[in-house]
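*Asks:* I'd like to ask some things about the structure below.
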Amino acid sequence: MLIEGAVPHECILEVRENLHLITSNKTLAQAEIILAAQNGREKVLDNVMKNVDTYDYVLLDCAPSLSLLNLNSMIFCDEAIIPVSMDYFSLIGVREAMDNLKMVHSHMGHKIKLTLIVPTFFDRRNRKSFAILEKLQENFADAVSDPISSNVKISEAVSYKEDIFSFAPRSNVASDYKKLVERINHG
């Protein structure tokens, strides 16, 4: 879509009822270079996706860096949900993500609402998880969701190319993600 001009509706795959996906392919690795040479390069995704309006939510999974691809994602989106793994370096990543959101607003004139900070890989046996959760709550208060448990079922589900709700629907981590979805739906 971004590089070869495919129409979004041609790229959308139905994973299951009410869940659709657009996957990347090898051209995504080249996208930064190709986009850099285009006029309006920071709005390519926004322009491509402007007629895709049949969804309640469009989730974009981005690396925690400021790249041209991420800038396109931020220009396209209205809200940000930032996952934070329970390690101290992730706290620095949250600060950088917040700085990026502010930069997009100040330089591009596009305001993005911080909807949620989602603590992930939360281990109740580890004091570090509780310390990082407390720090997030101090800084972001009500924007911090309940934590998502650390659980091997997530990596197992990925290896079988399934979502957690199909792979291990009764697991703690599936329950955690269900609560997150409910919070977003009622937010």
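The values are calculated or read from the model by the stated rules, or taken from the named source; none is laboratory data. The model shown is predicted, which means the values in this text are computed figures rather than measured ones. Note that each Cβ is placed from the backbone with ideal geometry, even for glycine, and that neighbours are counted across all protein chains shown.
*Asks:* Could you pull out every one of the helices (runs of 4 or more DSSP H) wholly within the stretch 108-176 that has 1 or more residues that are under 20 Å from the mean Cα position of the chain (by Cα), of a type in the set (S, T, N, Q) and surrounded by 12 or more Cβ atoms within 10 Å (Cβ to Cβ)?
*Replies:* 127-140
*Asks:* Mind checking whether some residue in the stretch 99-116 is touching a Ser or Thr at 6+ places or on another chain (Cβ under 8 Å), within 29 Å of residue 76 (Cα to Cα) and modelled with pLDDT of 95 or more?
*Replies:* Yes - at least one qualifying residue is present in the stretch 99-116.
*Asks:* Then there's this: When you check residue 120 against the structure, is it hydroxyl-bearing (Ser, Thr, Tyr) and at pLDDT 95 or above, yes or no?
*Replies:* Working: hydroxyl-bearing (Ser, Thr, Tyr): yes; at pLDDT 95 or above: yes.
For residue 120, the condition - hydroxyl-bearing (Ser, Thr, Tyr) and at pLDDT 95 or above - is met.
*Asks:* Do we find a residue being farther than 21 Å from residue 112 by Cβ and under 19 Å from the mean Cα position of the chain (by Cα) anywhere in the stretch 52-75?
*Replies:* No: the stretch 52-75 contains no residue that is farther than 21 Å from residue 112 by Cβ and under 19 Å from the mean Cα position of the chain (by Cα).
*Asks:* Between a first residue in the stretch 18-36 that is farther than 22 Å from residue 161 by Cα and a second residue that is of a type in the set (Gly, Ala, Ser) and in a loop (DSSP other than H, G, I, E, B), which pairs have beta carbons less than 7 Å apart while being 6 or more apart in sequence or on different chains?
*Replies:* 32/67
*Asks:* Could you check the stretch 131-187 and list, in sequence order, the residues that are closer than 15 Å to residue 86 by Cβ and among the hydroxyl-bearing types (Ser, Thr, Tyr)?
*Replies:* 145, 149, 150
*Asks:* Go through the stretch 20-77 and give me each residue that's exposed (fewer than 14 other Cβ atoms within 10 Å of the Cβ), outside any loop (DSSP other than H, G, I, E, B) and of a type in the set (Gly, Ala, Ser).
*Replies:* Matches in the stretch 20-77: 29, 36.
*Asks:* Looking at the stretch 127-144, can you tell me whether even one residue there is among the β-branched types (Val, Ile, Thr), over 21 Å from residue 58 (Cα atoms) and free of Cβ contacts under 8 Å to residues at least 12 places away in the same chain?
*Replies:* Kept after step one, since they are among the β-branched types (Val, Ile, Thr), are these residues of the stretch 127-144: 132, 144.
After this cut, where a residue has to be over 21 Å from residue 58 (Cα atoms) as well, the list is 132.
Filter again for free of Cβ contacts under 8 Å to residues at least 12 places away in the same chain, leaving none.
Within the stretch 127-144, not a single residue is among the β-branched types (Val, Ile, Thr), over 21 Å from residue 58 (Cα atoms) and free of Cβ contacts under 8 Å to residues at least 12 places away in the same chain.
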